[in-house]
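See below for the structure under consideration.
The values are calculated or read from the model by the stated rules, or taken from the named source; none is laboratory data. Only a predicted model underlies this, so the values are computations on that prediction, with no experimental measurement involved. Note that we place each Cβ from the backbone using ideal geometry, even for glycine, and neighbour counts take in every protein chain shown. All accessible areas refer to the heavy atoms of the entire protein, side chains included, with ligands and DNA or RNA removed. Shrake-Rupley method; radii C 1.70, N 1.55, O 1.52, S 1.80 Å.
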Amino acid sequence: MFIHSGRTRRVVSDYPHIFRVYRLSEGVERFFGSGTFFAEEKMDGYNVRIRRHKKQMLAITRGGLICPYTTEWVQSWCGRYRFDEFFNRYPGSALCAEFLGDNPYNSKRDRSLPPGLSFFCFDIMQPDGTFLPVEERYSVISELGLPGVRSFGMFTFGDIKRLKEIVLDLNAGCREGLVMKKPRSDGAIKFVTAASDLADLEQFLVFFYDIEPGFYTNRLMRIALFVQEFTLDREEYMRRTGAALINGYSRLENYAGSFEDFTIYTRTVETWDLLKQIILKHVDVVSEEPRSTVIDGMQLFRVSFRRRHKKSSGRFREILSGQKE
Ligand code: ATP
Ligand code: MG
């Protein structure tokens, strides 16, 4: 992303793709060899790079847009968090964080989070696009009191048993998984739990015709591989996989359409208008009027909106009305 300002042009690099491994043990051994790595919780929200530009905080999404909604929240946190101190120390850097809670992009809501938006820093991207070493990031984040993703510490392949225990705990808590990173942050892999894949299947089946089919088949394979690698109770996972399917399609009973629900909280109605302009470019949105509300002592507007998944809405309606294929 380029930020043009007068004659200067600043570059904000992409957040790189993180490679997935389908087998934890083999994946870790192959990727890290005998080297050390850090394991962190993989959180399920949306990726944001926070940058300071001319004393203003900007929140940039993975797609390279300055998101008015996220930017408004980040700016409102300037009193609570020491972003300025961070950017004085690391000018030209970007703070990479997962944003979760009430948001317009990822409808999976972690119930344990408070109303509104929350964020968890997981990387510091330097002006040349490389990341700060992991341990240095941990100390800066904790020194400045910024919220960070949970770290499980440093490992080698020899600690695989302990790492597997952590993954099983994450799976039991329906958490998404792990991101494992080389200490100098020059390479990372991700591994996702079966519980997270099951939840995705159940929630997204009703959007089937709008999502590439690989989304579903890849998750089905991942669930089976997870059960094998962690020698889990096959009967239990047969039941849970079936339940995800049957529950997911239960949304076809009394079917009105394939809607995905979002709630957001803005400080001004203009922020919602700006956000709407962005999302309406690629999605069909049915929204309610903003309603004034108070959260944590802040006067906010609450907007609920539904994203209509067009192809699924059309196709399921045909199927349910008995149309032949
Ligand atoms: P990609 O595979 O290209 O990275 P994706 O949208 O498929 O993109 P995910 O499967 O969600 O991504 O996994 C990568 C994303 O996980 C990161 O872009 C980041 O937003 C998120 N993430 C959550 N927790 C962490 C963490 N601890 N470290 C790094 N990234 C994290
Ligand atoms: Mg993600």
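Values for this structure:
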{"item": "Residue ranges of strands (runs of 3 or more DSSP E) in the stretch 1-90 with at least 2 members within 16 Å of ligand 1 (Cβ to nearest atom)", "result": "37-42, 46-53, 56-61"}
{"item": "Residue satisfying all of: in the stretch 145-161; under 18 Å from Glu98 (Cα atoms) and either surrounded by 16 or more Cβ atoms within 10 Å (Cβ to Cβ) or at pLDDT below 95 (or both); farthest from ligand 1 (Cβ to nearest atom) among these", "result": "Leu146"}
{"item": "Pairs, first within 16 Å of ligand 2 (Cβ to nearest atom) in the stretch 24-49, second open to solvent by 40 Å² or more (accessible area, probe 1.4 Å) and of a type in the set (S, T, N, Q), C-beta under 8 Å, six or more apart", "result": "Glu40/Ser151; Glu41/Ser151"}
{"item": "Condition met for Gly6 (within 16 Å of ligand 2 (Cβ to nearest atom) and surrounded by fewer than 18 Cβ atoms within 10 Å (Cβ to Cβ))", "result": "no"}
{"item": "Filter result (open to solvent by 60 Å² or more (accessible area, probe 1.4 Å) and within 16 Å of ligand 2 (Cβ to nearest atom)) within the stretch 162-185", "result": "Cys174, Arg175"}
{"item": "Filtered residue count, the stretch 68-97, keeping only those that are surrounded by 15 or more Cβ atoms within 10 Å (Cβ to Cβ) and among the basic types (Lys, Arg)", "result": "1"}
{"item": "Among residues of the stretch 68-78, those that are farther than 17 Å from Ser142 by Cα and free of Cβ contacts under 8 Å to residues at least 60 places away in the same chain, counted", "result": "5"}
